[in-house]
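Scroll down for the structure; my scribbles are underneath it.
The values are calculated or read from the model by the stated rules, or taken from the named source; none is laboratory data. As the structure is a computational prediction, the values presented were derived from the model and not from experiment. Note: ideal-geometry Cβ built from the backbone for every residue, glycine included; neighbour counts use all protein chains shown.
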Amino acid sequence: MRFLKIALFLFLLIYAGASNSFATDESIKGTYRAILQHEENGYYQNATITLSSVNTGDGNLKISASVRLLFGDVNTNEFLTYEYPDCPMNILTRQISMKDSNSGISLIGYLKDGAFSGDWYSPSVGRVGSFLAKKTGALPVPEGKQLVRSVTGHYIGKITNTNPNSNLPETVTISLVTTQDPNQVGTNILVSGNLRLYFGELGSTEYVETKFSGTDFNFYSRFLTAKTTAYGLTLKGVIGLDGLFKGDVFADGLGRVGTVEAQSQ
């Protein structure tokens with residue numbers, strides 16, 4: 001009797017394993033965790049890709065998609081969203097093309113074994129790099145590579161005057177906040193914030209503060225241009241993956257007056 005029970009248990013175990021071997025995730029729709037490569041700059045970016053499908057009733061399947069690029073880890077609230085109402089799929093190869101004239105990026109990839117992989121593109125730089133997306137499981141950054149960093153933050157640093165007609169305060173703080181323009185979905189992130197110039201030590205009450213009225217941020221090159229509402233100052237530089245903003249300071253009527261370095265805290 002004991003032998004029969006063991007034999008029955010082994011039979012059921014083998015049968016279950018054989019049955020599950022044919023079970024694969026063939027469904028298209030779902031939310032995929034993704035990681036995108038910036039090939040030229042050598043860093044990576046988290047993203048989510050949501051695919052939706054509907055049968056049109058005439059034998060065709062319509063696929064739509066939403067892509068969210070994340071600036072930081074998977075829990076960041078700094079992101080860009082791109083919408084693709086119609087994503088053609090090649091039924092033979094399962095290639096899906098995600099393109100839309102209103103979106104700043106496009107993705108072309110293949111579905112296989114529950115994964116979606118391919119290349120992504122930008123109208124301004126062409127092919128940016130490759131991407132990999134899966135419905136389940138984490139997608140770690142390759143060893144030795146960096147993840148794109150959030151722009152939002154409080155930066156502390158200094159201005160070094162290089163123009164004999166300039167004597168700007170040297171201790172500065174820069175506060176940056178990012179949002180997405182609701183009227184231009186997926187085009188770029190909008191950066192706002194303020195510049196504080198200290199005449200005394202950091203944290204003293206001797207300072208002047210002005211907001212940024214005109215900013216432009218290129219998330220491919222991470223180059224930031226920020227013009228103040230008062231004093232006619234413009235900061236131009238790159239926010240590195242280490243959180244260091246480094247660039248030049250310009251003043252209306254004088255041109256370049258100094259350099260700026262500020263580290264995100």
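If you check 231, 220, which single one turns out to be closer than 17 Å to residue 170 by Cα and among the hydroxyl-bearing types (Ser, Thr, Tyr)?
231
Might you let me know whether segment 78-98 holds any residue that is small (Gly, Ala, Ser) and assigned to a loop (DSSP other than H, G, I, E, B)?
Looking only at segment 78-98, we keep the residues that are small (Gly, Ala, Ser), and these are 97.
Okay, now just the ones that are also assigned to a loop (DSSP other than H, G, I, E, B), so none.
Checked against the condition, which is being small (Gly, Ala, Ser) and assigned to a loop (DSSP other than H, G, I, E, B), segment 78-98 yields no hits at all.
For the condition over 27 Å from the mean Cα position of the chain (by Cα), on the phi < 0 side of the Ramachandran plot and aliphatic (A, V, I, L, M), what is the one hit in 172, 141, 191, 148?
Values: 141 fails: over 27 Å from the mean Cα position of the chain (by Cα); 191 fails: over 27 Å from the mean Cα position of the chain (by Cα); 148 fails: over 27 Å from the mean Cα position of the chain (by Cα).
Within the list 172, 141, 191, 148, the selection yields 172.
Which residue pairs have Cβ atoms closer than 6 Å, lie 6 or more positions apart in sequence or on different chains, and pair a first residue in segment 138-160 that is in contact (Cβ under 8 Å) with a residue 60 or more places away in the chain with a second residue that is of a type in the set (Asp, Glu) and in a strand (DSSP E or B)?
Close Cβ pairs satisfying both conditions: 157/261.
Could you please let me know if residue 31 is in contact (Cβ under 8 Å) with a residue 12 or more places away in the chain and hydroxyl-bearing (Ser, Thr, Tyr)?
Against the criterion (in contact (Cβ under 8 Å) with a residue 12 or more places away in the chain and hydroxyl-bearing (Ser, Thr, Tyr)), residue 31 qualifies.
If you scan segment 238-247, which residues turn out to be buried (at least 17 other Cβ atoms within 10 Å of the Cβ) and closer than 20 Å to residue 167 by Cα?
Passing the criteria: only 247.
Please specify each residue of segment 26-74 satisfying the condition of being part of a loop (DSSP other than H, G, I, E, B) and among the basic types (Lys, Arg). So that I can check it myself, show each step before the final result.
Going residue by residue through segment 26-74, those that are part of a loop (DSSP other than H, G, I, E, B) are 26-29, 39-42, 56-60, 71-74.
Hit for segment 26-74 is 29, nothing else.
Filter segment 121-140 for residues that are more than 17 Å from residue 40 (Cβ to Cβ) and not in a strand (DSSP E or B); which is modelled with the highest pLDDT?
Checked segment 121-140; the qualifying residue modelled with the highest pLDDT is 135.
Within the set of pairs 6+ apart or on separate chains, which have a first residue in segment 80-91 that is without any contact (Cβ under 8 Å) to a residue 60 or more places away in the chain and under 13 Å from residue 106 (Cα atoms), a second that is part of a loop (DSSP other than H, G, I, E, B) and of a type in the set (Asp, Glu), and C-beta atoms under 8 Å apart?
Pairs found: 84/100; 85/100.
Please state which one of 250, 212, 219 is in contact (Cβ under 8 Å) with a residue 60 or more places away in the chain and surrounded by 16 or more Cβ atoms within 10 Å (Cβ to Cβ).
219
Can you confirm whether residue 200 is in contact with an Asp or Glu (Cβ under 7 Å, 6 or more places away or on another chain) and modelled with pLDDT under 95?
yes
Anything in segment 102-133 that is out of contact with any Gly (no Cβ under 6 Å at 6 or more places or on another chain) and aliphatic (A, V, I, L, M)? List them, or say none.
105, 107, 111, 115, 125, 128, 132, 133
Please find, within segment 82-107, the residue that is farthest from residue 64 (Cα to Cα) out of those that are crowded, with 16+ Cβ neighbours inside 10 Å and among the β-branched types (Val, Ile, Thr). Write out each step before concluding.
Pass one, segment 82-107, residues crowded, with 16+ Cβ neighbours inside 10 Å: 82, 84, 87, 89, 96-98, 100, 103-107.
So of that shortlist, the ones also among the β-branched types (Val, Ile, Thr) come out as 96, 105.
Numbers: 96: 10, 105: 15 Å.
Only one residue fits best here, namely 105.
Tell me, please, whether a residue that is modelled with pLDDT of 95 or more and under 16 Å from the mean Cα position of the chain (by Cα) can be found in segment 50-61.
Checked against the condition, which is being modelled with pLDDT of 95 or more and under 16 Å from the mean Cα position of the chain (by Cα), segment 50-61 yields at least one hit.
Would you check if there is a residue in segment 105-120 being at pLDDT below 90 and within 27 Å of the chain's Cα centre (by Cα)?
Taking every residue of segment 105-120 in turn, at least one turns out to be at pLDDT below 90 and within 27 Å of the chain's Cα centre (by Cα).
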